[in-house]
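Worksheet: the structure to be examined is printed underneath.
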Amino acid sequence: MTTSRKITGDDILLVSMLAGTKNYAKGTKMEGQTYETGLFEGKAFTTNDPRFRADLEKGDVYLISFEINEDGQLSLSNWITWTRKNNLAKNQKVHEAITSAVPKALSVEDLLETV
């Protein structure tokens with residue numbers, strides 16, 4: 001059974017990336033692509049998306065989501081950057097401001113009273 005684990009805050013600082021990239025084995029569906037290896041709590045995981053390392057090194061990672069298989073092996077399933085998190089919060093505030101500034105729709109009774 002696969003489980004998931006999400007980490008945030010100072011736990012992000014416990015994630016490190018090993019130097020260098022590796023090629024996927026020949027004959028696999030990922031042949032011709034490269035991957036990088038990371039570590040969290042002494043367990044390795046891989047990613048073939050170089051943006052993860054860049055975001056991690058910039059300190060721009062807000063949340064990391066791992067899948068953990070029956071053997072306890074980690075797979076990086078997703079991450080959210082602080083940039084995306086902050087943009088979402090800004091957009092939510094803008095949307096709330098717009099929707100609260102729009103007058104409430106009039107009911108049928110209100111409309112009939114104006115005639």
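For region 4-19, does any single residue satisfy the condition of being in a helix (DSSP H, G or I) and on the phi > 0 side of the Ramachandran plot?
yes
If we scan region 23-39, do we find a residue that is modelled with pLDDT of 95 or more and not in a strand (DSSP E or B)?
No, there is no match, as no residue in region 23-39 is modelled with pLDDT of 95 or more and not in a strand (DSSP E or B).
Are any residues in region 51-100 assigned to a helix (DSSP H, G or I), small (Gly, Ala, Ser) and at pLDDT 95 or above, and if so, which ones? Walk me through how you get there before you give the answer.
Initially, region 51-100 is screened for residues assigned to a helix (DSSP H, G or I), giving 51-58, 82-100.
Keeping just the survivors that are small (Gly, Ala, Ser) gives 54, 89, 97, 100.
The answer is 54, and nothing else.
Pick from 49, 55: which is under 25 Å from residue 3 (Cα atoms) and free of Cβ contacts under 8 Å to residues at least 12 places away in the same chain?
The unique qualifying residue is 49.
Consider region 27-40. How many of its residues are surrounded by 12 or more Cβ atoms within 10 Å (Cβ to Cβ) and among the acidic types (Asp, Glu)?
1
Can you tell me which condition residue 59 does not meet? The list is (1) closer than 20 Å to residue 80 by Cβ; (2) surrounded by 14 or more Cβ atoms within 10 Å (Cβ to Cβ), and all the others hold.
Here residue 59 clears every test but (2).
I'm trying to understand the selection: among the residues of region 33-46, which are in contact (Cβ under 8 Å) with a residue 12 or more places away in the chain and within 17 Å of residue 14 (Cα to Cα)?
Within region 33-46, the subset in contact (Cβ under 8 Å) with a residue 12 or more places away in the chain is 33-41, 43-46.
Within region 33-46, 36, 37, 38, 39, 40, 41, 43, 44, 45, 46 qualify.
The values are calculated or read from the model by the stated rules, or taken from the named source; none is laboratory data. Quick caveat: nothing in here was measured; it's all calculated off a predicted structure. Note that we place each Cβ from the backbone using ideal geometry, even for glycine, and neighbour counts take in every protein chain shown.
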